[in-house]
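These notes are about the structure you will find just below.
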Amino acid sequence: MSPVRKKRLYTLMLILSAVGLAAFLLLQAFSENMMFYFSTSEVQQGKAPPGRDFRLGGLVVNGTVQRDPNSLKVRFDLTDGAAKVTVEYRGILPDLFREGQGIIANGRLNAEGIFVAHEVLAKHDENYMPPEVAHSLKQAENNAIKTQQATP
Amino acid sequence: MTEKRTMSPLLKWFYRLGAPVWFYPFAGRLLPWLGALFLLLLLPGLYLGLWHAPADYQQGDSFRIMYVHVPAAWLSMFVYFAMAVSAVVALVWRLRMAEIMILSSAPIGAGFALIALVTGALWGKPMWGAWWVWDARLTSELILLFIYLGIIALYNAIEDRRSAGRAMSLLTLVGVVNLPIIHYSVVWWNTLHQGATVSKFDTPSIHIDMLIPLLLMAAAFKVFYGWTLLLKMRANLLEQDLHNGWVKERIYASKTAPKNSTGRVADKGHQYD
């Protein structure tokens with residue numbers, strides 16, 4: 001490579017690393033705001049902003065979904081495995097909403113610590129498989145738990 | 001300099017690619033093969049994806065939009081990466097063909113980004129419950145679309161072709177910082193968009209019958225990019241070099257030379273310009 005071209009290449013590399021560094025610092029500074037949702041543990045630790053809307057993410061706890069028979073009101077608990085937060089919502093739930101599913105609710109905490117949501121989004125995972133495979137996976141998991149309990 | 005006499009075959013080929021008079025017919029010979037290969041990958045990909053693949057355990061048949069959404073999103077990033085490599089070549093070697101490549105790729109990449117965003121919205125409404133959310137993945141992909149449009153606009157805003165090409169190459173190179181942000185957005189931040197399925201280090205978390213059509217479609221999209229890129233590069237070369245020797249030679253050499261209303265070969269008036 002001729003010296004002129006080498007110099008051009010070094011200049012480009014310098015520009016690119018400077019832009020990269022700038023982008024990195026910018027994202028570092030904004031990283032709190034780039035988070036799409038708070039986890040239930042963060043809410044319990046008081047990290048969520050009080051008195052203003054934020055998004056809450058977690059798994060719907062099995063057996064906690066209560067639907068009001070006379071309206072669209074629904075109540076359920078969300079968990080991230082460590083902390084639980086009760087969510088209240090009035091409206092139509094997305095197709096993927098079910099117990100054990102990851103969801104993201106948008107709303108705010110009321111005085112009793114209940115999260116009143118005005119929007120519920122379902123988050124799906126990156127796994128794709130036919131229902132039969134999912135079924136047999138679940139069975140294998142149950143069997144594993146049973147054998148674990150059987151051998152103390 | 002003795003450098004030129006002992007040129008390696010690879011370097012010679014590289015310099016040949018940069019010469020329109022050699023590139024134009026070379027690309028022309030490649031075109032039908034790429035078109036055929038595209039159909040050969042697309043048709044089985046569509047059949048396997050839309051009919052043969054089993055429905056998903058959670059999303060049912062809705063997940064099938066993945067076969068358009070995911071390849072389009074991958075390609076929107078791949079095209080940009082190819083453009084960035086080309087931008088380095090354009091800026092360091094001052095190769096005009098590299099600028100033509102960026103100029104021709106930008107609308108194709110913008111198209112892929114738009115398809116990814118639109119199909120993503122169509123997928124998001126039934127599954128997530130929202131057409132659009134401002135999470136890191138969706139936002140950074142939208143920024144990619146804007147960068148593509150910015151590159152096209154910048155080139156067309158500057159009158160002089162050489163400086164337009166240089167400015168466009170520099171913008172392309174700077175915009176490349178967005179690519180890792182798009183890819184890692186689902187890792188670095190909490191997002192509504194799920195994480196990577198195929199490009200994980202462990203085995204992909206997708207059933208093999210669903211994976212094969214996805215890979216076929218991704219390969220088809222990639223060949224489609226190559227095909228449309230060559231078409232667009234040939235068109236851009238002709239447009240820019242309309243009054244250059246090699247285009248005129250091609251016109252006069254062909255028996256079906258375009259005639260104007262007086263029956264003369266079009267453009268002959270410029271012969272002595």
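The values are calculated or read from the model by the stated rules, or taken from the named source; none is laboratory data. A quick note: this is a predicted structure, and the numbers were derived from the prediction, not measured. Every residue, glycine among them, receives a Cβ derived from its backbone with ideal geometry; neighbour counts consider all protein chains shown.
Odds and ends about this structure:
- Residue within the stretch A:116-130 that is acidic (Asp, Glu), within 14 Å of chain B (Cβ to nearest Cβ), over 23 Å from B:Trp132 (Cβ atoms) and surrounded by fewer than 19 Cβ atoms within 10 Å (Cβ to Cβ) present: no
- Put simply, of B:Phe78, B:Phe63, B:Phe112 the only residue that is of a type outside the set (Lys, Arg), within 15 Å of B:Met217 (Cβ to Cβ) and within 14 Å of chain A (Cβ to nearest Cβ) is B:Phe63.
- Some residue of the stretch B:143-151 being touching a residue at least 40 places away in the same chain (Cβ under 8 Å) and within 13 Å of chain A (Cβ to nearest Cβ): yes
- One residue stands out in the stretch A:14-27 among those that are within 9 Å of another protein chain (Cβ to nearest Cβ) and not small (Gly, Ala, Ser): the one that is farthest from B:Leu11 (Cα to Cα), namely A:Leu27.
- Condition check for B:Asp209 on (1) in contact (Cβ under 8 Å) with a residue 60 or more places away in the chain; (2) touching a Lys or Arg at 6+ places or on another chain (Cβ under 6 Å): one failure, at (2).
- Selection from the stretch A:28-48 of residues that are surrounded by fewer than 11 Cβ atoms within 10 Å (Cβ to Cβ) and away from every other protein chain (no Cβ under 12 Å): A:Ala29, A:Gly46
- Extreme residue, modelled with the highest pLDDT, among residues of the stretch B:186-199 that are surrounded by fewer than 18 Cβ atoms within 10 Å (Cβ to Cβ) and more than 8 Å from chain A (Cβ to nearest Cβ): B:Val187
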